[in-house]
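Here's the structure, in structure tokens; my notes come after.
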Amino acid sequence: MKKTIKLMIWAIITLPLSAQLLSAQQKNIPTSVTPVDSMKRMAKGTLLNIPDAENVKAQASVSGSTLYQTPTANITNTLYGRLPGLTVLQGSGEPGYDAASLYIRGRGTYDNSSLVIYVDGFQTTSSYFQYMSPAEIESITVLKDAAALASFGMKGANGILWVVTKRGKTGPSKVEVNVVSGLQQAININKPLGAYDYARLYNQAISNDNYSLNGYQFLWTPKYSDKQLQAYKNGTATNVDWLDQVLRKNAPYTDANVNFNGGNAATRYAVILDYMNQGGLYDIANTASTSNAQIQRFNIRTNLDLNFFKIFEARIDLGGRIEDRHYPNYNGPQLWQDLASYPSNIYPVRDSLTGHWSGTALYPNNPVASLHGLGWIGTHDRTLQANFALKERLDFITPGLYLKEAASLNTWTRNAFSYTATYSRYYNGTQSTTDKQTTIVANGSSPVNQYDWKQGTLTAGYDRTFGNHRISAAVEYLASNFMTDYSTNSPGLNTGNNIFYHYENLSSAVHYAYLAKYLLDLNVGYSGSDSYAPGNRWKAYPAVGAGWILSEESFLKSSSVISFLKLRGSIGLSGNDQTNNGRYLYQQYFTTNGTYYTGNNGLTSNTGTAQSYIANPNITAEKSLKYDMGFDITLIKKLSLTADVFLDKRSGIVTKSNDLLATFGGSQPYLNIGKVTNKGFEISAQYADHAGKFNYNFGGSASFAKNTVDYQSEVPTVNSFSKTTGLAIGTPIGLVSTGFYNTTDFNSDGTLKSGQPVPAFGAVQPGDIKYKDLDGNGKIDQNDVTAIGKSPFPTLTYTFNAEVNYSGFDFSVQFQGASGNNVNLLSAAYYQTVGLVNNTNVYAIAQNAWAYYPTQGIDTRATATYPRLSTLANSNNYRYSSFWMVSGDYLRVRNAQLGYTFSPALLQKIHTENLRIYVSAVNPITWSYLSKHYNIDPETTSGYPALKSYNLGLSLKF
């Protein structure tokens, strides 16, 4: 702390003195520039007020008004393709739990790759950001290179998402009203086969299971008779489409907001009120005893700017939110697993003899009955972020000098409540389980989670121009104290305890420009975290960036082609203190392990104790050395182009040391030994022009990032081709499929013929998947695994867009896609892939399964695309292999919008400044290999589906 205070004092004293020395070299009299404007400075995601033309950092921004074009409850789902370098991966579409995963420049580490989010200059949680309304956001900027990230110290390595909310503007009071409402639908629902096809394929599976019992002959031993099959086919037997019974086609969505904005030189204000309601796809009403999935969100934001005494600038920002979520008591993974795995012929929704809900001991969770008969649950969240700032202009000491103090209070609490009941299950007139019918019972409301985040900053800055020289400099001290009762993965800590996270950062930045064309940035962050041992908590992260505006040179200044051209580059360090391996790894924790017995007349078992791991006092934050080179160019004042190439060398990734022999006898320590190289490029372009009243612009961007694990202390493999070191993070490892075993591969006793490698996963028979014996030892086992595809993380994301407007009409469309990744069907969509095993369902993927029953006219030996069916667990067929790897590439229409803005002449008569109506579609069309061949959405492969929507909106300003 003493060191921090000394650095602060040094910065305050030396910044103006260095400027005075610089001014002595100038012939012109020094003049100060307008002191730093807080909002503009934050919008750039930096300590300094730097003109856009002089910025040498790699960053990209999008406005809140652009994000508002995509009506969706969670703001993460508006970011697709909007920010070059930001990868957005769709998650579930379930209301209230539909956040997309965000990554900047791919994945630079195999530990925690999560980016860090700042709102109005202070770090916030991802949950706080997710349910902000686009109506309250001025801009979102993604910070990507060392010049932009070094000052964030241990928070910068994975990139920063810098969010700025709307502020008041000087001028008459304005009121803006926006309303959008529409219907949301599932992008894709992959349905299982109906009762007839289920029974038909079940007959194949049970006959296959009897292969060895029938003397290794393919004898037809069906469960379902021809009469039963015919009844399924003509609809006289039970054939329930559970997905149709549980889901409705449409769910409502509404968002409405009002923005009040105005002020004068002394006071400016922005007040935003927003209400959002999103319904669920379950076919159930909202009553006292039942509830659909639903989230309601109430947002309020009040940003106030004050100037007084010509010296002080004050800012008071209040952002509050209430979220109410309701769900059926039977929802989430269990519901969707049952919908995927319950066959359509198990029983009708209601028992035909009693009229009660159907159910059996094997299939107890009648999906329709469980939605209606188990009650509902809900949560009530309250969130507040209150920021306060005061800035003092110290021009009376030296022009351009200022001080600033700011504080942030961010709190969140959640209460949970439930209304529960049970129902009786019947089958063929008899109660089939012990469950009893009960009435709905209110279980009360209780607090379940909360966090409290206090942050404060002290800033000393200097901003001044001296003739041909411009210097902007600042030093800022940040203290952060985060407390939560969330569970923690720190070994040895009770998950119910309040956990504190203490963090400090001293950052400084200097920007120098000569002749407004030669640019230099110096940045450093000096961070300390309580996650590490005393004496090892503080690390420095310096960076340098440089730029050259060639268009200001005499040989280009008069060019009619090149309107603007800037070259830029940066190199520097940043850190990552987020690890999935737990905090306080420098402290020794213990866990229960083993049993020992004591006693004379009788033995009493006692639980033993062992080290969770070996403590490491030298553990510290992961380090990132980043390189970036790029350029920005504008041609003929119509075409703008930005391009970057980057290299990220990660080191010190927290990794469990697997180099120790088993004779060590304890759990291995965590060390800073992991290394990853991540490299790639980004390019974006935009062209805008007009022909008379016809205006148009179009453009696009592409981001490519590919990583390689250089070192991870991997457990030594028997064969070198089984290593994951040297591959991309998450590269799937498994067996290499070479097709199916055929009848000609076996002897008459069911054994494999000589020369065939023998699998170590149990007996095989014709129709099973055959694997390659990579090590040539005559066996197929885990020593034959190798890379079988690409990482599930896409290496290339891209977008292209177009917008035209004419005489009040406007139309825009955005396409977005990703490629360079594979999807493992066994992990991404297990119940849709593994057919009939353990009383589960079967999907269209299995319709062309390997089968050979000549007496039934069934022979797919030459054309099969799926292994033989079985009702039993099959460890040979359903293990990770190249057979189950498919392309994850896709292209979507993310947003299309058609609008009309009424003419000013008409609006003047009704005293309105602007009136626009529009219709839009979100995610209406998708092209992908998975969709085409497997009817599976490429991003949300299972569970609650991702959503598309069709909306009608109105925007009014007066």
If residue 414 satisfies all but one of (1) within 21 Å of residue 95 (Cα to Cα); (2) of a type outside the set (Val, Ile, Thr); (3) part of a loop (DSSP other than H, G, I, E, B), what's the number of the condition it fails?
(3)
Under the condition of being among the hydrophobic types (A, V, I, L, M, F, W, C) and part of a loop (DSSP other than H, G, I, E, B), which residue from the stretch 750-804 is nearest to residue 723 (Cα to Cα)?
785
For the stretch 304-323, the count of residues that are surrounded by fewer than 19 Cβ atoms within 10 Å (Cβ to Cβ) and more than 30 Å from residue 380 (Cβ to Cβ) equals 8
Those residues that are polar (S, T, N, Q) and either in contact with a helix residue (DSSP H, G or I) (Cβ under 6 Å, 6 or more places away or on another chain) or within 20 Å of residue 834 (Cβ to Cβ) (or both), I need them from the stretch 879-914; list them, please.
881, 882, 887
So, in the stretch 106-151, of the ones that are in a loop (DSSP other than H, G, I, E, B) and small (Gly, Ala, Ser), which residue ends up nearest to residue 177 (Cα to Cα)?
133
Of the residues that sit in the stretch 861-886 and are surrounded by fewer than 17 Cβ atoms within 10 Å (Cβ to Cβ) and touching a residue at least 12 places away in the same chain (Cβ under 8 Å), which one is farthest from the chain's Cα centre (by Cα)?
861
Just to be sure I understand, how many residues within the stretch 322-375 are in a loop (DSSP other than H, G, I, E, B), closer than 29 Å to residue 417 by Cα and among the acidic types (Asp, Glu)?
0
Single unsatisfied condition, residue 612 versus (1) more than 32 Å from the chain's Cα centre (by Cα); (2) at pLDDT below 95
(1)
Regarding residue 227, is this residue farther than 24 Å from residue 749 by Cα, free of Cβ contacts under 8 Å to residues at least 12 places away in the same chain and in a helix (DSSP H, G or I)?
yes
Show the residue pairs that are 6+ apart or on different chains and have beta-carbon atoms under 6 Å apart, the first residue being within the stretch 56-69 and among the basic types (Lys, Arg), the second being assigned to a helix (DSSP H, G or I) and at pLDDT below 95.
none
Residues 540, 516, 546, 533: which one is at positive phi and either in contact with a helix residue (DSSP H, G or I) (Cβ under 7 Å, 6 or more places away or on another chain) or of a type in the set (A, V, I, L, M, F, W, C) (or both)?
516
Let me confirm something: among 637, 656, 675, 679, which residue is under 23 Å from the mean Cα position of the chain (by Cα) and of a type outside the set (Phe, Trp, Tyr)?
679
Does the stretch 652-666 hold any residues that are surrounded by fewer than 17 Cβ atoms within 10 Å (Cβ to Cβ) and touching a residue at least 12 places away in the same chain (Cβ under 8 Å), and which are they?
657, 658, 659, 666
Unique match (being surrounded by fewer than 17 Cβ atoms within 10 Å (Cβ to Cβ), in contact with a Pro (Cβ under 9 Å, 6 or more places away or on another chain) and β-branched (Val, Ile, Thr)) among 439, 420, 430, 413:
413
Determine if the stretch 726-749 includes at least one residue that is part of a strand (DSSP E or B), touching an Asp or Glu at 6+ places or on another chain (Cβ under 8 Å) and among the hydrophobic types (A, V, I, L, M, F, W, C).
yes
For the stretch 697-719, give me each residue that is among the hydroxyl-bearing types (Ser, Thr, Tyr), surrounded by 15 or more Cβ atoms within 10 Å (Cβ to Cβ) and part of a strand (DSSP E or B).
701, 703, 708
Give the residue, chosen from 920, 931, 955, that is modelled with pLDDT of 95 or more, out of contact with any Gly (no Cβ under 9 Å at 6 or more places or on another chain), on the phi < 0 side of the Ramachandran plot and surrounded by 16 or more Cβ atoms within 10 Å (Cβ to Cβ).
931
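Conditions tested, residue by residue: (1) surrounded by fewer than 16 Cβ atoms within 10 Å (Cβ to Cβ); (2) touching a strand residue (DSSP E or B) at 6+ places or on another chain (Cβ under 8 Å); (3) under 16 Å from residue 672 (Cβ atoms); (4) not charged (D, E, K, R).
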| site | (1), (2), (3), (4) |
| --- | --- |
| 586 | no, no, yes, yes |
| 594 | yes, yes, no, yes |
| 604 | yes, yes, no, yes |
| 611 | no, yes, no, yes |
| 617 | yes, no, yes, yes |
| 623 | no, yes, yes, no |
| 636 | yes, yes, no, yes |
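Results for (1) out of contact with any Ser or Thr (no Cβ under 6 Å at 6 or more places or on another chain); (2) in a loop (DSSP other than H, G, I, E, B); (3) surrounded by 20 or more Cβ atoms within 10 Å (Cβ to Cβ), shown as yes or no for each residue.
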{"site": "818", "(1), (2), (3)": "no, no, yes"}
{"site": "827", "(1), (2), (3)": "yes, no, no"}
{"site": "832", "(1), (2), (3)": "yes, no, yes"}
{"site": "838", "(1), (2), (3)": "yes, no, no"}
{"site": "842", "(1), (2), (3)": "yes, yes, yes"}
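Rundown of residues vs (1) crowded, with 24+ Cβ neighbours inside 10 Å; (2) under 22 Å from residue 578 (Cβ atoms); (3) among the basic types (Lys, Arg), yes/no style:
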| site | (1), (2), (3) |
| --- | --- |
| 126 | no, yes, no |
| 144 | yes, yes, yes |
| 147 | yes, yes, no |
| 150 | yes, yes, no |
| 166 | no, no, yes |
| 176 | no, no, no |
For residue 154, are the conditions met, namely being of a type in the set (A, V, I, L, M), part of a loop (DSSP other than H, G, I, E, B) and crowded, with 23+ Cβ neighbours inside 10 Å?
no
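Conditions tested, residue by residue: (1) closer than 30 Å to residue 303 by Cα; (2) hydroxyl-bearing (Ser, Thr, Tyr).
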site	(1), (2)
403	yes, no
406	yes, no
427	no, yes
430	no, yes
436	no, no
460	yes, no
464	yes, no
467	no, no
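Listed here are the residues, each with its yes/no results for (1) modelled with pLDDT of 95 or more; (2) touching a strand residue (DSSP E or B) at 6+ places or on another chain (Cβ under 9 Å); (3) under 18 Å from residue 92 (Cβ atoms).
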residue	(1), (2), (3)
239	yes, no, no
247	yes, yes, yes
274	yes, yes, no
277	yes, yes, no
297	yes, yes, yes
301	yes, yes, no
327	yes, yes, yes
346	yes, yes, no
Given (1) part of a helix (DSSP H, G or I); (2) out of contact with any helix residue (DSSP H, G or I) (no Cβ under 7 Å at 6 or more places or on another chain), residue 378 misses just (1)
Got a number for residues in the stretch 386-400 being among the hydrophobic types (A, V, I, L, M, F, W, C) and either under 25 Å from residue 300 (Cα atoms) or under 41 Å from the mean Cα position of the chain (by Cα) (or both)?
4
Scanning for something surrounded by fewer than 17 Cβ atoms within 10 Å (Cβ to Cβ), under 33 Å from the mean Cα position of the chain (by Cα) and not small (Gly, Ala, Ser), does the stretch 555-566 turn up at least one residue?
no
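The values are calculated or read from the model by the stated rules, or taken from the named source; none is laboratory data. Keep in mind the model is a prediction, meaning the values are calculated, not measured. All Cβ positions, even for glycine, are placed from backbone atoms using ideal geometry, and neighbour counts span all protein chains on display.
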